[in-house]
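For reference, the structure discussed in these notes is given below.
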Amino acid sequence: MNKKYFGEFGGAFVPEVLRPALVELEKIWESARKDKKFWKEFDDLAATYSGRPTPITFCENISKKLGGAKIFLKREDLNQTGAHKFNNVLGQALLAKRLGKQRLIAETGAGQHGVATATIAAKFGFECTIYMGAVDVARQRPNVFWMEQLGAKVIPVTSGTQRLKDAVAEAYRDWTGSVETTHYLLGSALGPHPFPTIVREFQKVVGAETRQQFLRAQKKLPDYLVACVGGGSNAIGFFHPFLKDSKVKLIGVEAGGRSKKLGEHASRLAIRPHAPKGVFEGFFGEFLQDASGNLAATHSVSAGLDHPGVGPEHSFLAKTGRAKYMSATDSEVLAAAQLLMRHEGIIPALESSHALAYAFKLAKKLPKSKSIGVNLSGRGDKDIFIYARALGDKKWKEFLREEIKTL
């Protein structure tokens with residue numbers, strides 16, 4: 001297989017000004033990944049600063065309630081900054097140091113990648129700029145607050161649909177004009193080569209730990225792994241160490257949104273047929289497109305899955321049949337989140353709740369001898385405004401009214 005591609009998907013389609021940066025990044029990456037000192041520094045910081053390894057948690061109450069398969073959560077919500085995002089950010093920041101860059105830029109939707117990037121920039125002393133769609137700035141205000149407190153400059157993007165894809169476009173524009181001093185710390189397993197591979201390799205720690213933890217606690221591997229899929233970094237990191245274990249079924253869950261109508265969801269692989277192919281964001285992949293071939297509008301209750309494209313390796317896994325891709329609607333997601341909160345005392349990110357929604361449905365259909373591992377990719381603190389609005393919490397609205405009076 002061409003290392004720049006996953007089957008037909010991937011590659012690097014960027015302006016000429018960025019080609020030297022990608023070549024340099026690949027060279028530094030190839031050197032670093034073979035360097036024991038690099039991985040020792042990564043592992044030491046992962047342990048002492050990020051809090052790895054994260055545990056797996058058996059959802060005993062929900063498993064009993066559903067009456068089927070045993071459900072386990074891989075607790076990436078307990079990772080530094082509250083999500084899996086920090087694994088990739090830590091690794092890429094170490095690469096940026098080797099590249100001699102002084103500045104980090106990043107795109108973010110839900111804000112978790114932005115917070116993680118701002119955190120590592122503060123730790124390592126990088127200047128930091130975060131691009132975020134104006135719609136996402138409004139619905140993820142807590143994360144915007146923390147990014148700014150960490151010293152990052154957050155730039156609301158008001159072009160296009162004012163969501164994640166527009167933040168990506170602005171980040172590329174910035175990088176084009178500042179490539180000599182800046183590293184674009186891309187947040188998901190997509191974009192031009194070598195980003196999909198680099199992000200996956202840093203996120204593989206999630207699946208590697210899960211594998212060891214299941215073997216230690218259950219004396220066998222899980223029967224199913226379920227993870228949400230936006231760009232796909234948490235899922236590919238979760239899945240990859242199990243790709244050769246054919247008995248472990250891999251299921252990615254996309255944003256089913258409000259309906260199957262274009263513009264009402266963000267499902268690229270679960271729909272039939274798959275989203276049309278094309279070149280966007282620096283790679284050849286599958287993207288939701290309108291009749292004119294432009295990126296289509298998307299919708300998800302979760303900002304982090306509200307994106308028209310998906311990582312090229314996921315397209316490859318879907319095409320080969322090694323992984324299956326399903327979707328969960330906004331209403332199913334909110335119900336699953338509430339179930340986890342009320343019965344296990346864990347507050348999930350809305351992104352992660354897509355995986356929960358499908359896993360809960362799946363568990364009912366399976367015998368008690370089966371087990372399901374779910375990547376709880378993030379915690380739900382950031383989603384408090386969305387949760388409160390969606391669930392119609394009157395006390396929260398009253399609290400906000402009183403807070404406004406004090407400003």
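Readers should treat all values here as calculations from the given coordinates under stated rules, not as data from a laboratory. Please read these numbers as outputs of a predicted model, since none were measured by experiment. For neighbour counting, all protein chains shown are included, and Cβ atoms are generated from backbone atoms with ideal geometry for every residue, glycine included.
Counting only residues 5 or more places away or on other chains, whose amide H sits under 5 Å from the amide H of Glu254 once H atoms are built in the peptide plane?
Long-range HN contacts for Glu254: Val229, Met326, Ser327, Ala328.
Below 8 Å between Cα atoms, with a sequence gap of 6+, how large is the relative contact order for the range 186-272 in percent?
Reported relative contact order: 26 percent.
Check which residues have an amide H placed less than 5 Å from Ala189's amide H, if you skip close sequence neighbours.
Gly232, Ser233
Which of Ser369, Ser233, Ser377, Ser178 comes first, and how do the rest follow, when ranked by fewest Cβ neighbours within 10 Å?
So the ranking, lowest neighbour count to highest, is Ser369, Ser178, Ser233, Ser377.
Which of Ser159, Tyr172, Val205 sits closest to the plus end of the dipole of the range 115-232, meaning its Cα is farthest towards the positive end, when Lys and Arg get +1 and Asp and Glu get -1 on the C-beta?
It is Val205, whose Cα lies furthest towards the positive end.
Calculated from DSSP H runs of 4 or more alone, at -39500 (n - 2.57) each and per residue, what is the 222 nm mean residue ellipticity of the chain, nearest 500?
Calculated at 222 nm, the ellipticity per residue is -14000 deg cm²/dmol.
Let me check against my output: what whole-number percent is the relative contact order of the range 8-129, with C-alpha pairs under 8 Å and at least 6 apart?
In percent, rounded to a whole number, it is 20.
Check which residues have an amide H placed less than 5 Å from Ala110's amide H, if you skip close sequence neighbours.
Gly304
For the chain, what's the relative contact order in percent, using C-alpha pairs closer than 8 Å and at least 6 residues apart?
21 percent.
For the chain, what is the charge dipole size about the Cα centre, in debye to the nearest 20, if Lys and Arg each add +1 at the Cβ and Asp and Glu each add -1 at the Cβ?
It works out to roughly 1600 debye.
Set the bar at 28 Å for Cα to Cα. Now go through Lys36/Lys319; Lys3/Lys364; Lys165/Lys319 and name every pair that lies beyond it.
Lys36/Lys319; Lys3/Lys364
I'd like the Karplus ³J(HN,Hα) series for the range 252-269: coefficients 6.51, -1.76, 1.60, θ = phi - 60°, whole numbers in Hz, and an x wherever there's a Gly or Pro.
After applying 6.51 cos²θ - 1.76 cosθ + 1.60, I find x, 10, 9, 7, x, x, 8, 6, 8, 6, 4, x, 9, 8, 9, 9, 9, 10 Hz.
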